[in-house]
Structure formats: C-alpha cells, structure tokens
1. Where does the chain land at 222 nm, in deg cm²/dmol rounded to the nearest 500, when only DSSP H runs of n ≥ 4 count, each adding -39500 (n - 2.57), divided by all residues?
2. Give the percent of DSSP beta bridges with both residues in the chain that are antiparallel, rounded to the nearest 5.
3. If R₀ is 41 angstrom, what is the calculated FRET efficiency for the pair residue 159 and residue 275, using the beta carbon separation as r and rounding to 0.05?
4. Within a 10 angstrom radius of the beta carbon, how do 308, 289 rank from fewest other beta carbons to most?
5. Going 7 Å from the Cα of residue 352 toward and past its Cβ, which residues in region 52-89 have a backbone nitrogen under 16 Å from where you end up?
6. Work out, step by step, the length gained on full extension between residue 359 and residue 202: first 0.36 nm times the residue separation, then minus their alpha carbon distance; give nm to one decimal.
7. In nanometres, what is the gap between the two model label sites at residue 176 and residue 84, each 7 Å from Cα along Cα-to-Cβ?
8. Once you order the gyration tensor axes a ≥ b ≥ c over the Cα atoms, which shape class does region 220-268 get: rounded for a/c under 1.5, otherwise prolate or oblate by comparing a/b with b/c?
C-alpha cells in the first residue's frame, strides 16, 4: 500500500489568534481537530503507518493522538527543535528537510508515501491517486485542483504538459501572468528516491526547493488534476467560511454531533435552554452543559462550544463560540469566532478581552 506523512511543524501565523495556544492541526471543526479528519481519511484508504513532524505546541498534538490506536493506525512523531541557552525551542526544518531527517534516522520512507499538510480537510480518493501515480511510473506526483483564473493569486500554480508532466511552477501569479489554473493542494505522493534528493541536515522546502530540483533534473514528475473537496484553513477568514459550510451540511463525512431536538438544531448533554423563551434558528449546534438564558437569540449557522453561557438579551449570529465562552447580556456577536480570551471577526480583526475600547463584552464562563 503506502505510508503517510502529515506536515504539522508550522507556526500557523496567519490563523492567529486561533493558534496562539494551539498548533494549527488542532484547530477544531465540529469539536474535532482538523488533523483527526485527515487521520480518519488515511485509515479509510488503508494507510495505517503515519509519521507526523511537529514543533510548535507539539505536546498538544501528541497528547491528543497518542500512538493512533483509537483510529486503527500507528502514529510516530518527529520533533524539530534546537537547544538554545539551555532551553529547547522549536525550529522546523522545512517540509522536505523534516522528511529527510526521518529518513536518515530510520529509513521509514521505504515505499510510496502520501504527504499531507496538517491544516486542510480533504475527501480525495487516495486509492485512485496512488493508482494513477503508479500507472505513470512517477517518482513524485502533486495533486492539483482547477481553480478560477481570478483566484490563482492565492495559490502555488503548477504548469504541466497535456500528459500531466510538470514543466514549471508559479508562486501566486496574477491572472494575467498565470500559465495554468492548476493549484497545488499540498498533497504529494513520493517514491523513496525523492527523499534521497533532499540535502541532509538543513532547512529545505518541498514547494520552493525540492520541486524545482525535480523539474530541472527532468524526472518523471506529474500533476494529477482531481475533483475533490479541499478545505484549507490558511487564514481566519477561511476558517469562518469553512465552519459555515460544514454547519450547513455541505461537506461529506462531517456529521453534526449531539442529538437533533428540532429541525436543524442539535444539542449535547446537560443543556439548560428555556425553549419557549429563546429564539434559535438552525443550523445550530449547542454543546454539552451550555446555558442559554431567556431572551437570547442564536441564528445559524452557529456553533456554541461546551460549557458556554449566552446571557439574556444577547444575540449570536452566524458565529462560533469556543468552549466555556460567556456572552454578556444584550451583546450582539455577528459573524465572529469567540473564545474566553479573544474574539475575531470573519475578516481576521481581533479584539482581546479587557480592551477598554471594545464595545463588546464577553468572558470565561468558568468564572
């Protein structure tokens, strides 16, 4: 079959403040980390040996996923860091450099390997992608997705011959300069020989360094143009959009948790909701031990994380509350992501609790 590699060492700076205390692969969607959906998907396609390179907040990934037995897989971790004045600090080696370090340590990549970024949800037919890779005799394959010409400026663009042989790359070209509309999705298939081409012991990137090297050497390096859902949470605005899509039921293999008590309204255990004195319009998920006070309004798509409190007169509209968030009385949170410490609007503008200039009031429901 094949082995799996999940790239999870990055800092996730563009998704701050969501990643202030969490590594990007642990950002939750429907109460589950993004990376959990990836591991479930790999397991569905028979990929059961998975390495994960980690750096920032690595303990949170390792404590949650452990050895992978819950998902019927084996997971190993490769920490990337250095000792600095007696402290050990994270220092990622780049997406390719991290793989070379694993290979030099144990020779793990001894068969075809599927490489994924740990911060996107996919429903790719992995089995078909691996079959095409093998049928073409590829040393490396990049899974691409056709994007509208107007959107090429947001992606690494792959330029390929009609048979898929990759000729060049363009990093975020303007529509006028774009030679293709095939976007790299950060999903790669490598033969062991590719790992041997990565220089050992240095920071080295797959997209900007390894791939141009494969093109220059005229190796059998192919693009696969596939149609599938690829949901990247690269920015806070992406994360908000993704959650709206998921709550509307537009993404398969992502069912709502809880119990559907009314059409489009799901609740967890131990909730306190005076149904005849509140206005709740789905799709809405209300987590366990949530209290919604009389006179509150929740308009979906919305997710109310467990242990949260929505005070009387408050309105939560198309928003996401992380667990233990308390919305103050009569406040209106519209199209926001809210945690006990901060709130972010759908465009990425952030307010922190205690900011005297903020018009909004919210806090930690545990206190």
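We did not get these values from a lab; they are worked out from the coordinates using the rules stated. Predicted model only: the values in this text are computed from it and were never measured. In this analysis, Cβ positions are derived from the backbone assuming ideal geometry, glycine residues included, and neighbour counts consider all displayed protein chains.
1. -5000 deg cm²/dmol
2. Around 45 percent antiparallel, to the nearest 5.
3. Plugging the Cβ-Cβ distance into 1/(1 + (r/R0)^6) gives 0.10.
4. By the 10 Å Cβ count, ascending, the order reads 289, 308.
5. none
6. Working: separation 157, 0.36 × 157 = 56.52 nm, distance 4.82 nm.
Here the answer is 51.7 nm.
7. Output for this residue pair reads 4.2 nm.
8. Prolate, because a/c is 1.5 or more and a/b exceeds b/c.
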